[in-house]
Amino acid sequence: MTPHLRLPRPLAPARRPWAVLFDMDGTLVDTERLWWEAVEQVAGRPLTEADEPEVLGRPVEHTADWLAAATDRPAAGLAAELHREFADRVRTGIVPRPGALDLLDALAAAGVPTALVTASPRAVADLVLDALGAGRFAVSVTADDTGRTKPAPDPYLAACRALGVDPAACVAVEDTETGVASAEAAGCAVLAVPSLAPIGGAPGRTVRDTLVGVTPKELSGMVAPELRVMSWNLWLGGSRIDDHRAKQVKVILDAGVDVVGLQETAGTSARELAEALGWHHHTAGENLGIISRYPVTARLGDPGVGFYGAAGVRIAVRPGREVEIWTAHLHYTPYGPYEFHFDGFGADELVAHEDVRLGQMRETLRRIGTTGVPVVLTGDFNCPSHLDWAAVEWPVTRAAEEAGFRDSYREAHPDPAAAPGHTWSPIHPVHEDGSGRTEPQDRIDYVLHRGLRVVDSRTWAGGDPAPWPDVADNDWPSDHAAVVTTFAVEP
């Protein structure tokens with residue numbers, strides 16, 4: 001018996017964890033006023049609006065250097081005096097900001113981890129933690145814990161690493177421009193609640209007057225949404241597999257995807273799968289389809305496309321955030337890996353035989369054009385990638401790259417030797433002509449993108465599919481492995 005070909009079989013990863021990262025002074029506790037008073041005491045004069053950039057959101061050392069330059073006093077002595085004056089006021093006058101404790105309690109009840117990220121030194125932060133309850137925070141990062149503090153991104157990056165979360169999956173709550181700059185440089189979404197100085201709006205930033213009424217749900221809505229996209233050739237609609245439609249639905253649910261670019265749909269698969277899942281769909285010609293849990297706002301490309309070609313949709317991932325999804329199927333002959341392994345063709349001959357597919361790719365890229373929204377191009381290209389073969393400059397994938405598309409799988413797995421990502425074929429360990437020759441395994445299915453950020457990408461053929469021709473009972477209802485990529489859809 002021919003052994004089954006085993007491909008990586010990852011279960012769908014859970015949705016990425018998210019967290020909320022809180023500034024301390026002026027955000028959780030009303031210490032900006034105390035700090036302002038401490039600086040006035042050490043400076044020996046009232047502070048004005050012109051002093052704000054040197055005082056608000058700044059570490060003690062920065063303000064001490066600023067005072068030293070203005071007074072000719074030693075910076076080290078000023079820093080010690082500022083520490084002492086501020087700590088004395090914190091011990092006796094700490095007041096939580098309105099809504100702060102309620103929000104911390106709500107996040108704890110929802111199981112959302114939180115971190116304290118402050119430009120204050122550890123000694124001061126620990127006083128505040130004692131007052132608020134140190135158990136409210138999984139992590140605390142102070143000016144003593146990183147080489148650079150705010151406005152550099154280091155404190156927020158350190159908190160994300162300690163929590164094991166992606167910065168794009170975090171909301172930072174800040175009250176100063178300096179803190180906002182730090183959080184945004186780290187890649188976090190920001191909820192700005194100004195304390196003493198106003199903060200303007202910006203993409204990825206929400207400005208509120210107070211924390212009162214802020215909920216975990218509202219904060220989660222500020223995080224860059226994820227979009228999980230699958231490219232999948234259904235193999236003649238799945239008709240070679242018993243109970244194929246139910247098995248296809250299970251694969252999609254197990255993958256936890258949001259959108260699937262389909263090839264070989266046999267005309268009805270996109271509609272039937274969408275109906276079974278309660279999703280939206282677009283069917284183009286006899287071979288192409290896209291299904292999406294998100295609403296389809298536009299249908300793109302030629303609706304009468306033939307067996308080979310491309311079709312697309314625009315989906316609304318969230319109000320104001322749209323993404324285009326395209327699916328492409330390119331001609332299957334001549335097949336380069338066969339010509340290389342079986343016929344001994346050289347690189348020039350192989351490239352020359354890609355003319356038909358290259359023309360189809362160029363037409364696909366022409367139809368996609370240049371848009372103002374991110375684009376994902378899924379598909380069975382029926383050819384290898386120039387990123388995988390050192391000896392052959394495969395022109396189809398190169399043309400997509402020159403049009404600005406990036407290969408999501410290779411972004412996640414740059415080394416083709418360590419992660420080949422083969423998608424052809426989980427059911428063909430040997431060539432089906434009866435010769436007994438080993439079937440060339442290769443990566444010919446893709447999820448390309450322009451304008452998104454890859455969080456994760458993998459190839460998948462669930463179960464242990466039996467080899468051709470004894471495939472009717474396979475749980476995996478295709479002759480291709482799928483590609484599943486998770487993107488962060490950032491502003």
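Report, by chain and number, residues whose modeled amide H sits under 5 Å from the one on residue 116, excluding near sequence neighbours (fewer than 5 apart, same chain).
22, 139, 140, 141
Rounding to the nearest 20 debye, state how big the charge dipole of the chain is about its Cα centre with +1 on each Lys and Arg Cβ and -1 on each Asp and Glu Cβ.
Taking the Cα centre of the chain as origin, the dipole is about 800 debye.
Go through 341, 428, 422 and list them by solvent-accessible area, largest first, probe radius 1.4 Å.
Of 341, 428, 422, the descending order of accessible area is 341, 422, 428.
Under the Karplus relation 6.51 cos²θ - 1.76 cosθ + 1.60, θ = phi - 60°, what is the ordered set of whole-Hz ³J(HN,Hα) values for the stretch 331-338, x standing for Gly and Pro?
4, 8, 10, x, 9, x, x, 5
How large is Rg over Rh for the stretch 50-89, taking Rg from the Cα atoms and Rh as the Kirkwood inverse mean of 1/r across Cα pairs?
Computed over Cα atoms, the ratio is 0.96.
Residues with beta-carbon under 15 Å from that of residue 214, excluding residue 214: net charge, scoring Lys, Arg +1 and Asp, Glu -1?
Within the 15 Å Cβ shell, the charges total -3.
So what is the 222 nm mean residue ellipticity for the chain from helices alone, if each DSSP H run of at least 4 adds -39500 (n - 2.57) and you divide by all residues, rounding to the nearest 500 deg cm²/dmol?
-9000 deg cm²/dmol
With 10 Å bins from zero, work out the P(r) of the stretch 253-401 over every alpha carbon pair and list the percent per bin.
In whole percents, the pair-distance histogram is 11, 38, 30, 16, 4, 0.
Any idea of residue 205's accessible area? Nearest 10 Å², probe 1.4 Å.
Approximately 50 Å² of residue 205 is accessible to the 1.4 Å probe.
Taking the Cα centre of the stretch 168-284 as origin, sum charge times position over the Cβ atoms of Lys and Arg (+1) and Asp and Glu (-1), and report the length of that vector in debye to the nearest 20.
Roughly 320 debye for the stretch 168-284.
Quick one: accessible surface of residue 368, probe radius 1.4 Å, all protein chains present, in square angstrom to the nearest 10.
10
Please work out the Cα center distance from the stretch 45-87 to the stretch 335-377, rounded to the nearest Å.
63
Among rounded, prolate and oblate, which fits the stretch 332-491 when a ≥ b ≥ c are the square roots of the eigenvalues of its C-alpha gyration tensor, a/c under 1.5 means rounded, and a/b larger than b/c means prolate?
oblate
Using a/c under 1.5 as the rounded threshold, could you call the stretch 65-188 rounded, prolate or oblate? The axes a ≥ b ≥ c are square roots of the C-alpha gyration tensor eigenvalues, and prolate needs a/b larger than b/c, oblate otherwise.
Here the stretch 65-188 falls in the oblate category.
From the list [x] 3, 14, 21, 21, 15, 9, 7, 5, 3, 1, 0; [y] 4, 20, 29, 27, 15, 4, 0, 0; [z] 4, 18, 23, 18, 14, 12, 8, 4, 1, 0, can you say which value of P(r) over Cα pairs in 10 Å bins from 0, in percent was derived from the structure given?
The value matching this structure is [z].
In percent, what relative contact order does the stretch 308-431 have, based on Cα pairs under 8 Å that are 6 or more apart in sequence?
Computed over the stretch 308-431, the figure is 25 percent.
Please list 217, 250 from largest to smallest accessible area, probe radius 1.4 Å, with all protein chains kept in place.
217, 250
What percent do you get for the relative contact order of the chain when only Cα pairs under 8 Å and 6+ apart count?
Taking the mean separation of contacting Cα pairs over the length of the chain, I get 15 percent.
The values are calculated or read from the model by the stated rules, or taken from the named source; none is laboratory data. Given the structure is predicted, the values throughout are model-derived calculations rather than measurements. Using ideal geometry, Cβ is built from the backbone for each residue, glycine included, and neighbour counts are taken over all protein chains shown. What goes into the accessible areas is simple: the full protein's heavy atoms, side chains included, and nothing from ligands, DNA or RNA. Shrake-Rupley method; radii C 1.70, N 1.55, O 1.52, S 1.80 Å.
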